[in-house]
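Working notes, beginning with the structure itself.
Computed from the coordinates by the stated procedures, all read-outs in this text should not be read as laboratory data. Note that the coordinates shown come from a computational prediction; the quantities given were computed from them, not determined experimentally. Counting neighbours? That spans all protein chains shown, and the Cβs are built from the backbone with ideal geometry, glycine included.
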Amino acid sequence: MPKIAAVVPPGVTQFELGVVYEVFGVDRRYLTPDWYDFSFCAGGPGPIRTEAGLLLDTACGLDDLAKADTVIVLPSVHDDQPLDELEDALRAAYDNGARIASICTGAFILGRAGLLDDRRATTHWAHAALLAERYPQAEIDPNVLYVEDDRVFTSAGSAAGIDLCLHLVRLDLGTDIANAVARRMVVPPHRDGGQAQYVDSPLPPCEQETIGPLLDWALARLDEPLTLADLARQANVSVRTLVRRFAAATGTTPLQWVLAQRVRRAQHLLESSDEPVERIASLAGFGTAANLRQHFTRVVGVPPMQYRRTFSGSPASGVA
């Protein structure tokens, strides 16, 4: 079973502390016998005091990071404090083959450890400029939810930490397990890492009707041709109104949303079935294997068959 070590620095923020425990620490062996071996590890001399003043006494220390497959650094209200032993332990864990991840401003700790050098990374949009200023060798993208670059994963603000954690579950244990965890948490099962962060901007006017039924209708017909006119007709609105409502609700266009759902259906079929690529292309609504390969490779980053070799059968050891 994969070993996850969550680093708890002094002044750790409690929301993110709860997120990593909820995703990885809750015993979910009813989903898979390969569920995680999870532990909190003190990022400094303990017991650790959280941002709210609570004391957290962890059973593990920095020496335990060397045994982890994945190390997750939680954010702290004291992210700018040097923690030399922690930074040494993070570098050693990475050199030992572990994945290193951070949530929100935990990226500053990775930056001090040199793990962001020559890598793309992100953090909460409000702190991205400072992160880029302090660590100019890193390429900081303030407009995404999470980033993966050579076994180093960084995420944006609090809710994006949930997205990153579910992404790690998906890489390790597959889509079905990640979706089951998301359902248990009552959160979206998957938001693309490249989706924009929600920044400080006015809220759009509230629509009387929800597009939820339309999304359900479209998801049930992904294997059929779906045009803007089809979607607008089903929603009983004009194409212009549909596009506006879609942008307000999802942050994307109707056809881009449909494409993303088709790619996700293809991912699920590649992981969970032995269907040939031609059949998957039809079931996912791409029509031909060539269309599937083109769109799948552009969105996911690898061709369908390479994705299948990585994720089908057993828990994934690679990364899409």
Per-residue [θ]222 nm for the chain (sum of -39500 (n - 2.57) over DSSP H runs n ≥ 4, rounded to 500) | -12500 deg cm²/dmol
Please report Glu16, Glu85, Glu133 as a ranked list, fewest other C-beta atoms within 10 angstrom at the top and most at the bottom.
-> Glu133, Glu85, Glu16
Taking the highest mean first, how do the peptides 294-301, 266-273 order by number of other beta carbon atoms within 10 angstrom per residue?
-> 266-273, 294-301
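If you take every DSSP beta bridge whose two residues both sit in region 1-124, what share of them, in percent to the nearest 5, is antiparallel? Don't skip to the answer; put the middle values down first.
Working: 3 of 18 bridges.
In region 1-124, approximately 15 percent of DSSP beta bridges are antiparallel ones.
Please arrange Glu87, Glu224, Glu275 by how many other C-beta atoms lie within 10 Å of their C-beta, fewest to most. Walk me through the numbers on the way to the answer.
Details: Glu87 19, Glu224 9, Glu275 13.
Ordered by Cβ neighbours within 10 Å, fewest first: Glu224, Glu275, Glu87.
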What's the center-to-center distance, using Cα atoms, between region 1-65 and region 90-152 in Å?
-> 20
Using modelled backbone amide H atoms (1.01 Å from N, in-plane), which distant-in-sequence or interchain residues come within less than 5 Å of Ala101's amide H?
-> Val71, Ile72, Val73, Phe153
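Among Leu292, Leu31, Leu62, Leu116, which comes first, then next, by fewest other beta-carbon atoms within 10 Å?
Ascending Cβ contact count within 10 Å gives the list Leu31, Leu62, Leu292, Leu116.
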Taking the chain as a Gaussian network, Cα atoms linked when under 10 Å apart, which of Gly287, Gly212, Gly157 shows the biggest mean-square fluctuation?
-> Gly212
